[in-house]
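> Take this structure first; my questions come after.
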Amino acid sequence: MTSLPMQHLGRLLALAMFLAALVGGGRDARADTAAAQALFDAARQLMAQGKYADACPKLEESQRLDPGIGTQFNLAACYEQLGRTASAWSTFLEVAGGAKAAGQLEREKVARQRATALEPKLIRLTITAPADAPADLQVKRDGALVGRAQWGTPVPVDPGKHTIEASAAGRAPFARTVDLARAGATETVAVPPLPAGAPARAAAPPASGAAPAGAAAAPAGAAAARPTTGGAALAPVAGRAPAPPARPLTRRRSKGMMVTGIVLTSIGAVALLGGSLALASACTGAECDSDSLDDPLEDDSLDYIDQEDSDEEAGYALILGGLVFAGVGIPLAIIGGRQVPVQPEKKAASAPARSPELVLGPRYAGLRWSM
């Protein structure tokens, strides 16, 4: 029996490692997509039952795993039902920008209408600082740094308690908590000149997992002035951490390119495996001299030699073809599966038309396109 040469074993091992990496990466992407769909379906059921506080986190996680305009639209609607007017308003505007770039003009129109309807209900918070504030003065809102460009600008915030902190080296820190519950209200927090005192380390942000000071208690007047949507009173918003910054809207560069790359790479891998096996089964060097050429005048020996040459040629041809397929497929799969940001300035007519689907909820109606 002919043993496998060591170089063939090395090729087979490298091929096995390549296939394992390719299959593992595809499995992770499919797992994220499946988890995102399961979270989206569960959130839709919770919204139908009026359990928006449970539905919103599931939609946030679904959007993180597999970003989509449809998921983002439902997340904005969930924020609206919770009374998180600023989060809903900004998310609807993001949906409108993404829908415009994707050529989904009807969805863009609906999202802008929903954002416009929320504008009169927005609560705006203005933070001011002294004109002679030290250069190292840091101002934070709910633990997040507020840049100097925001000072003096009314910024929409969600209803509830918000803590404003200010600190500078060698000065006593400043902190104030305001409770904002009235729709359309505007509140101004003026940071006073910080007196010289203890180092500003006392105003350091809270430890991971801890809420800002005063953020654990419910707003005193929230029950009397709950935000409403469509005339129905909503649950008061209190004791929640500040909303995380919205993730930029992204999409895969080309699903078709990615699938084509995976198919070509799989064909190339099979061809490489087949070529390696064909070369391993063909005799080489001294093996041919000792086994096949004992009696070169016999017809059986000549047939055997021809068969060995044919196997070797077929093996090299398969390996060459496999390298070509893999060399084309791997870049296609990587480039097509890469996440790229949606460009708002992209012309609407450049995207293919989608089949609309009517989405009905307890307090809203809209259109959804499958992504």
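The values are calculated or read from the model by the stated rules, or taken from the named source; none is laboratory data. Given the structure is predicted, the values throughout are model-derived calculations rather than measurements. FYI the Cβ positions are ideal-geometry reconstructions off the backbone, even for glycines, and counts take in every protein chain you see. Side chains are part of the model used for accessible areas, which takes the heavy atoms of the whole protein and leaves out ligands, DNA and RNA. Shrake-Rupley method; radii C 1.70, N 1.55, O 1.52, S 1.80 Å.
> Are there any pairs with C-beta distances below 9 angstrom linking a residue in segment 30-52 that is in contact (Cβ under 8 Å) with a residue 60 or more places away in the chain to a residue that is loosely packed, with under 15 Cβ neighbours inside 10 Å, with the two at least 6 apart or on different chains, and if so which?
Final answer for the pair search is Met47/Gly361; Met47/Pro362; Ala48/Gly361; Ala48/Pro362; Gly50/Pro362.
> Can you tell me which residue in segment 303-335 is modelled with the lowest pLDDT, limited to those that are open to solvent by 80 Å² or more (accessible area, probe 1.4 Å) and among the hydrophobic types (A, V, I, L, M, F, W, C)?
Among those residues, the one meeting the criterion is Phe325.
> With the requirement that a residue be among the aliphatic types (A, V, I, L, M), surrounded by fewer than 15 Cβ atoms within 10 Å (Cβ to Cβ) and more than 33 Å from the chain's Cα centre (by Cα), what does segment 112-171 give you?
Selection gives Ala131, Ala135, Ala169.
> Scan segment 80-121 residue by residue and report those that are touching a strand residue (DSSP E or B) at 6+ places or on another chain (Cβ under 6 Å) and more than 24 Å from Val155 (Cβ to Cβ).
Gln104, Glu106, Arg107, Val110
> Got at least one residue in segment 89-101 being more than 20 Å from the chain's Cα centre (by Cα), farther than 17 Å from Gln37 by Cα and at pLDDT below 95?
Within segment 89-101, not a single residue is more than 20 Å from the chain's Cα centre (by Cα), farther than 17 Å from Gln37 by Cα and at pLDDT below 95.
> Related question: State the number of residues belonging to segment 115-167 that are at negative phi and part of a loop (DSSP other than H, G, I, E, B).
16
> Might you check whether a residue that is without any contact (Cβ under 8 Å) to a residue 12 or more places away in the chain, surrounded by fewer than 18 Cβ atoms within 10 Å (Cβ to Cβ) and assigned to a helix (DSSP H, G or I) occurs anywhere in segment 59-73?
no
> Quickly run through segment 172-195 and pick out the residues that are farther than 19 Å from Leu137 by Cβ, of a type in the set (Gly, Ala, Ser) and open to solvent by 40 Å² or more (accessible area, probe 1.4 Å).
Ala183
> What tally of residues in segment 102-111 results from selecting those that are buried (at least 19 other Cβ atoms within 10 Å of the Cβ), part of a helix (DSSP H, G or I) and hydrophobic (A, V, I, L, M, F, W, C)?
The qualifying residues number 2.
> Please pick out the residue among Ala88, Ala53, Ala99, Ala43 that is open to solvent by less than 10 Å² (accessible area, probe 1.4 Å), closer than 28 Å to Ala185 by Cα and part of a helix (DSSP H, G or I).
So the residue among Ala88, Ala53, Ala99, Ala43 that is open to solvent by less than 10 Å² (accessible area, probe 1.4 Å), closer than 28 Å to Ala185 by Cα and part of a helix (DSSP H, G or I) is Ala88.
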